[in-house]
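A short worksheet on the structure shown next.
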Amino acid sequence: CGDVDGLRVLDVGCGSGWFARELARRGARVTATDLSPRMIAHARRIEAEDPLGVDYRVGDARETASGFPAASFDLVTSCLALQDMPDPAAAIRGAHAVLRPGGRLVASITHPFSDTPYRAWERDAAGGKRWLCVDRYFERGPIAYEWTRWPSPFTTVALHVPLEDWIAWLLDAGFRLRALREPRPTDEAIARRPALADAARVPYYVVLDGVRQR
């Protein structure tokens, strides 16, 4: 996002507010929304314990345009949330509506290349990861994820579409693509946390950076 000091920022799909708090610590004036009242309750509890001035609100990303005045933000962010929404294109259009001309949308998503309907690591005899097998990249639709490393298992659903769909949604909403980034951990980060080595071999995330042109 670069220097956000003094910027009016809307964080969409904020969850319990981690990214919103990072923006606020860097001087941004942050409003943050999430569909889940329970997540917003967690975020407000943390804000009460460590006030940073973040305004947390329950809100549907598809209704962003009706929830805020036009051109009321300098920057809209979304940290690993758009792919979990049923209509990301509507959320992107909403971001465009509330940005001032020249404002930016910076959104990270799971990388469509490595987060495909079929995905499995090929392993050696010792269980080490040899290479990642992916398939059905061009299929469009929801993917169910089973989570078991918690007190009780649960399932979440995310949308998979090819990368070209994400670019098309951005352009169709009226954005100019300013940058596309595929973040990877540094050697120093991997030395501290060896489990991050996977993300230096294949792209796990992609960051879309768009500028409102009109």
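The values are calculated or read from the model by the stated rules, or taken from the named source; none is laboratory data. Everything numeric here is computed off the predicted structure, so don't read it as measured data. All Cβ positions, even for glycine, are placed from backbone atoms using ideal geometry, and neighbour counts span all protein chains on display. What goes into the accessible areas is simple: the full protein's heavy atoms, side chains included, and nothing from ligands, DNA or RNA. Shrake-Rupley method; radii C 1.70, N 1.55, O 1.52, S 1.80 Å.
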Angle between the Cα long axis of helix 163-172 and the longest principal axis of the chain, 0 to 90 degrees, nearest 10? 10
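Considering only protein heavy atoms and a 1.4 Å probe, what is the carbon-and-sulfur percentage of the accessible area of the chain?
Numbers: 6370 of 11880 Å².
Looking at the chain in its full context, I get 54 percent from C and S.
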Going by average Cβ neighbours within 10 Å, how do the peptides 186-193, 170-177, 113-120 rank, with the highest at the top? 170-177, 113-120, 186-193
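If you take every DSSP beta bridge fully contained in the chain, what fraction is antiparallel? Give it as a percent rounded to 5.
On the way: 26 of 44 bridges.
Around 60 percent antiparallel, to the nearest 5.
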For the chain, take the longest principal axis of its alpha carbons; what is the angle in degrees between that and the long axis of helix 88-98, to the nearest 10 within 0 to 90? 30
Output row, site Tyr137, 7 Å Cα→C-beta label point, backbone N cut-off 19 Å, window the range 158-196, residues 159-169, 180-184
Over the chain, what is the relative contact order in percent, taking alpha-carbon pairs closer than 8 angstrom and at least six residues apart? 17
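Taking Cα atoms of the range 39-119, Rg/Rh with Kirkwood Rh, to two decimals? The partial results should precede the final answer.
Details: Rg = 14.7 Å, Rh = 14.3 Å.
Rounded to two decimals, Rg/Rh equals 1.03.
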Pop a pseudo-label 7 angstrom from the Cα along the beta-carbon direction at both Ala189 and Ala125 and give the gap in nm to one decimal. 3.5
